[in-house]
Structures are given as structure tokens and as C-alpha cells.
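Reading through the C-alpha cells given below for one structure.
What follows is calculated from the coordinates using simple rules that are stated; it is not laboratory data. The model shown is predicted, which means the values in this text are computed figures rather than measured ones. Here the Cβ is made from the backbone with ideal geometry for all residues, glycine too, and neighbour counts use every protein chain on show.
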Amino acid sequence: MKNLKNVLALFIFLFCMTLQAQNKEIAAAFSSSYESETAKKYETAIAAFNTVYDTNSYEMNLRLGWLYYLAGKTKESISYYQKAAAIMPAATEPKWAIITVYTKLENWTEIEKIYLSILKLDAKNATANYNLGLIYYYRKNYIEAKKFFDVSLNQTPFGYNYLLMSAWTNYFLGNKNNASILFNKVLLYAPNDASALEGLGLIK
């Protein structure tokens, strides 16, 4: 029994020592990657994780997603960000990161999908609602645009962008009274704003 306890104690000690050594290696990899990133040596920064990469590590996948993005390898970047998102399904952080990549690619269809997935986790997120509203606005889908702009405007009733885009959306929907009210509020925020004055001129 005593020998068993000694063996168990030795096993725990060795396990802890191994874990500590691994943690030091991981920390060193992150540190090295930051140094290489600062020097704009992105491939070297990526290579820092070669010997310590853990497919189940949220932090490593997120970090690699960013480094591959900086290296101009968008396909790999998206792949690592998606791995991070799968590991932490309730996190919006990797979703915002993927949007950065798709914005570079101008892939608005995928961006739309990701904004909608963010809103499933954070329905009142003003930025996601506003940006999604912009996508629908420029598609001339003003009914959908208004739905999302309204969420942002209700949270920040005196926000310039929210007021202006809501005003134009209402104008194109034929809600000219609401549009007029909103354009005038824009002028309270930014007197002589050209876009607001243009809108009021069209209504008159």
C-alpha cells in the first residue's frame, strides 16, 4: 500500500512537472509570435506554434487566425477562426475576427451570415445591427434595413450614423414625416450636414 502511494505521488509530481514545462513552452511560443509580428515576420510568428499547437486550444486557434490574416492567407485565417468559434460557441470574438477577413475579400454574403449569428448570441449589439442594416440598405432592401437600424437607434437615439441612415431608410420607404424628423435631428448633431439637408430638400 505504501509503495502504491509512493508511485502515485511520483506520478502526480511528474505530471505536474510536465504540465509546467508545457505551459512554459506555450507561453514562450506566444511571446515569440508577438515579437515576430512586431517585426512583421508573420511566417516566423506562425512557425512559433509548430511544436506546441493544440487543435483544442481556443487561444492558439484565435492567434493563428490573426497571424494568417496578417500573412495574407485568408483561407487559413478563416479556418483557424472557425476552429476557435467551434471551441467556444458562445464567443462572438472569433466571429468579429472572421468578419475582418471577409471584409477584405468583400464577401458580403458571408458577412451577412456572421452578423446574423452574432445577433443570435447578442441580439442588441448596436454595431452588428447597424452594419447589417447597411448591407440591406445598399441592397435597397429598406424594410430589412429599417428593422436593424431601429435597434441601434433605440439604443443610441442621438448617434449621428444611426440617425442619418434611419432618416434615409424612412425616406425610401415613403415614411417622409419620420424621415423629416430624423433629418432634423441629424442637423442638431451636425448643423449644415449636407446629407441631411439633401434629404430635407427632397421631402419639400
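Observations
- Close Lys-Lys pairs in segment 123-204, where close means Cα under 20 Å and separation is 8 or more or interchain: 10
- For segment 159-204, the fraction of C-alpha pairs farther apart than 15 angstrom is 25 percent.
- Gap separating the Cα centres of segment 41-108 and segment 112-130, nearest whole Å: 20
- Residue-count net charge about residue 174 - beta-carbon cut-off 14 Å; Lys, Arg +1, Asp, Glu -1: +3
- By the rule of a C-alpha distance below 30 Å, with chain neighbours fewer than 8 residues away ignored, the lysines paired with residue 73 are 24, 40, 41, 83, 95, 104, 113, 120.
- In a DSSP loop and with at most 11 other Cβ atoms within 10 Å, the chymotrypsin sites (Phe, Trp or Tyr not before Pro) in segment 89-180 are 158.
- Using the alpha-carbon positions of segment 84-204, Rg (one decimal) and Dmax (whole number) come out as 15.8, 55 Å.
- Between helix 93-105 and the chain: long-axis angle, C-alpha atoms, 0 to 90°, nearest 10: 60
- Rounded to 10°, Cα long-axis angle of helix 160-172 versus longest principal axis of the chain: 50
- Contact order for the chain, expressed relative to its length and based on alpha carbon pairs under 8 Å spaced 6+ residues apart, stands at 9 percent.
- Cα long-axis angle, helix 74-87 against the chain (0 to 90 degrees, to the nearest 10): 80
- Formal net charge of residues neighbouring residue 71 (Cβ-Cβ distance under 13 Å; K, R +1; D, E -1): +3
- Taking the inverse of the mean reciprocal distance over all distinct Cα pairs, the Kirkwood hydrodynamic radius of segment 108-165 comes to 11.1 Å.
- Ellipticity estimate at 222 nm from DSSP helix runs (n ≥ 4, -39,500 (n - 2.57)) divided over the chain, nearest 500: -25500 deg cm²/dmol
- Translational diffusion coefficient (Stokes-Einstein; Kirkwood radius from C-alpha pairs) of the chain at 37 °C, 0.692 mPa s, in µm²/s: 160
- Exposure proxy for 166, 79: other Cβ atoms within 10 Å of each Cβ, ordered fewest to most, give 79, 166.
- Footprinting exposure proxy for 151, 52 (fewest neighbouring C-beta atoms within 10 Å first): 52, 151
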